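One structure below.
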Amino acid sequence: MIDRRLEFIQNLESFLLKQNADWAGPLQFEEPPATDQTQNFDLAIPCFSLSKIRKEAPQKCAENISSQLMEVTIKEKLGIELTAVVKGFLNIRFSADILAKSALERIEEPLRSSAKALAKEKIVIDYSSPNIAKPFGIGHLRSTNIGGALCRILTSLGAQVIRINHLGDWGTQFGKMITAYKRFGSAEFVRGDPVNNLYKLYVEFHEREKDDPALLDEAREWFVKLEKGDPEALELWKWFKDVSYHEFKRLYDRLGVDFDYVTGESFYNQLMEKTAERLETAKLLKKSEGAMIVDLEEFGMPPVLIRKSDGSTLYATRDLATAEYRAKTFSPTKIVYVVGGEQTLHFRQVFKVLEMLGYDWAKNCVHVGFGLIKFPEGKMSTRKGNIVLLEQVLDQSEKEALKIVQEKNKEKPEERRLTENEEFDIARAVGTGAVIFFDLHAKRTKDILFNWKDILNFEGDSGPYLQYTHVRLESLIERAKNEGIKFDDKTPLSLEVPEERELIRRLLGFPAMVEAAAREFEPSMISHELLDIAASFNRFYMNVSILKGEEKYKASRIQLVRFTQRVMQTGLGLLGIECPKKM
Ligand code: ARG
């Protein structure tokens, strides 16, 4: 894909538009058809619509423009090396100099040209947001990884990003937790393995509640007490929260994810009354079976429950207060919610009610949904009350990665063999990177099937494959330096071989892809681009002699390797994947 904003493309476009005043831009630019690949062209312009305006046959039209472009001064000014006319298409090859210059501007200082693209944006991102006193499930992994990547992507484009972890730390389930703890738990039991044991109590509550309906009443009472600020209830709740976050933090550190605010649902309690009042004033509240609702029938949606008959508030009430708070506190240009697709209706309802309240910023609220991670039935041994634990997945991934790293290490010549510590470090980076890449490789709205073989495949479309490609790039650069090859920003690129040209074109397209990923809130666009770049690089690496080739090409080819390395490092970094030095 040729990025229209590349300076030399824009120059060409304005030249052509000036020559053909009747031609309403923008022009169509395409990849040259594969058959022309041997001739190494960068761009094809279909001349069919233009030929109608110029009242010429398409072939003739392409030929005429071609001879215009090939006039010596014009050719030089536009950085064109050669043109060719094929079946009404005008193919263009740019000079290596202009591609190299462009690469320096766009790549060498990663994404410099794009660094201001979102400078006016201030974006609140609500992501990860697990529920306390419950194990961090693989489902929240997606929110964490997608959200984390989006934060990095948007920041790299100059946006001001406010990262919020909207912990699930409020709601009727805490009435249940407290009841369960008081009835059949103990401080000792919880301290033994806090999150898992709290969750066990919660599961036990649900088992017992079937035969003992009084439990539910008790739980309801505890939650009402909690909402009223009862000291005992508050103290227990706070303790549950602290021990939970302590464990979540460990996972965030492993995944390289961070937040500016960890303000869970409970934070918005004191604001809820005002929100309810505003709903009341706007005449949006309706009584229904003792509860308060907002009717959304005219919008084809079920009603939103604002307050239960016992007076307690709900998830949606808290989200309304939360959105008001964020709009007021940060005045953001967007409020983004990275939450599973199963909550699509919830967010449509919440955004609709905000609109009904008359907030014009309601249109800036975006739900970035995503599909499920599915496990082949029975294959996952880490199930506990149906939650697949992220920590165990990461541990297992590292373990599998270590096996592979050790095996590969044995095959290495003595002098290049890794130490045991290096093996562990690499396994950690590869194991985590593999899980992150797996999570971010598919279009986010798709469900994905968990499969160790794909996740850790060093040769396939996987995190380890990209990390390995990066190691190869770095070691080529290292070897070139050791061999005394001199290369720097002034090194001219030769680009005589099609593989070289294909690679540089791909690299030049990378910044546009990052911007597209930001626009669509779709980190997988970057994952795919990196796989394509790796494939282009590997074709170049297999077919072109880099360090063993002709002397006069060495510096140019290493400079191309360096561009590739920079893009790969930037891209993996945006996804949150570490680049190990060796593998
Ligand atoms: N804790 C919720 C859950 O696990 C996700 C919260 C998402 N954020 C929000 N503002 N509703 O389902």
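Answer yes or no as to whether GLU109 is open to solvent by 10 Å² or more (accessible area, probe 1.4 Å), modelled with pLDDT under 95 and either in contact with a Gly (Cβ under 6 Å, 6 or more places away or on another chain) or of a type outside the set (A, V, I, L, M, F, W, C) (or both). For GLU109, the condition - open to solvent by 10 Å² or more (accessible area, probe 1.4 Å), modelled with pLDDT under 95 and either in contact with a Gly (Cβ under 6 Å, 6 or more places away or on another chain) or of a type outside the set (A, V, I, L, M, F, W, C) (or both) - is met.
Out of curiosity, is ALA316 assigned to a helix (DSSP H, G or I), aliphatic (A, V, I, L, M) and more than 10 Å from the ligand (Cβ to nearest atom)? So ALA316 fails the test. Within the option set GLU578, GLU502, being surrounded by fewer than 23 Cβ atoms within 10 Å (Cβ to Cβ) and at pLDDT 95 or above holds for one residue only, GLU578. Within the stretch 440-452, residues that are open to solvent by 60 Å² or more (accessible area, probe 1.4 Å) have Cβ atoms under 6 Å from residues that are aliphatic (A, V, I, L, M) in these pairs: ASP447/LEU372, counting only partners at least 6 apart in sequence or on another chain.
Screening GLY158 on (1) open to solvent by less than 10 Å² (accessible area, probe 1.4 Å); (2) in a loop (DSSP other than H, G, I, E, B) shows it passes everything except condition (1). For the stretch 326-352, the set of residues classified as within 11 Å of the ligand (Cβ to nearest atom), surrounded by fewer than 19 Cβ atoms within 10 Å (Cβ to Cβ) and assigned to a loop (DSSP other than H, G, I, E, B) consists of GLY340 only. Within the stretch 274-313, restricting attention to residues that are free of Cβ contacts under 8 Å to residues at least 40 places away in the same chain and within 16 Å of the ligand (Cβ to nearest atom), the residue that is least open to solvent (accessible area, probe 1.4 Å) is ILE306. Among the conditions (1) touching a Ser or Thr at 6+ places or on another chain (Cβ under 6 Å); (2) within 30 Å of GLU209 (Cα to Cα); (3) open to solvent by 10 Å² or more (accessible area, probe 1.4 Å), ASP169 misses just one, which is (3).
On the basis of being of a type outside the set (Lys, Arg), in a helix (DSSP H, G or I) and away from the ligand (no atom under 14 Å from the Cβ), does GLU355 make the cut? Answer is yes for this residue. Taken together, PRO33, PRO26 contain a single residue that is under 33 Å from the mean Cα position of the chain (by Cα), at pLDDT below 85 and loosely packed, with under 13 Cβ neighbours inside 10 Å, which is PRO26. Find all pairs meeting these conditions: Cβ atoms under 7 angstrom apart; at least six residues apart or on different chains; first residue within the stretch 69-81 and on the phi > 0 side of the Ramachandran plot; second residue open to solvent by 30 Å² or more (accessible area, probe 1.4 Å) and of a type in the set (D, E, K, R). Hits for this filter: GLY79/ASP97. Contact map, the stretch 127-143: first residue within 16 Å of ASP193 (Cβ to Cβ), second residue part of a loop (DSSP other than H, G, I, E, B) and within 8 Å of the ligand (Cβ to nearest atom), Cβ cut-off under 7 Å, separation 6 or more or different chains; pairs are ILE132/LEU167; PHE136/PRO130.
The values are calculated or read from the model by the stated rules, or taken from the named source; none is laboratory data. From a predicted model like this one, the values you see are computed outputs, not experimental measurements. Backbone-built Cβ (ideal geometry, glycine too); neighbour counts: all protein chains shown. Surface accessibility is based on the protein's heavy atoms, side chains included, excluding ligands, DNA and RNA. Shrake-Rupley method; radii C 1.70, N 1.55, O 1.52, S 1.80 Å.
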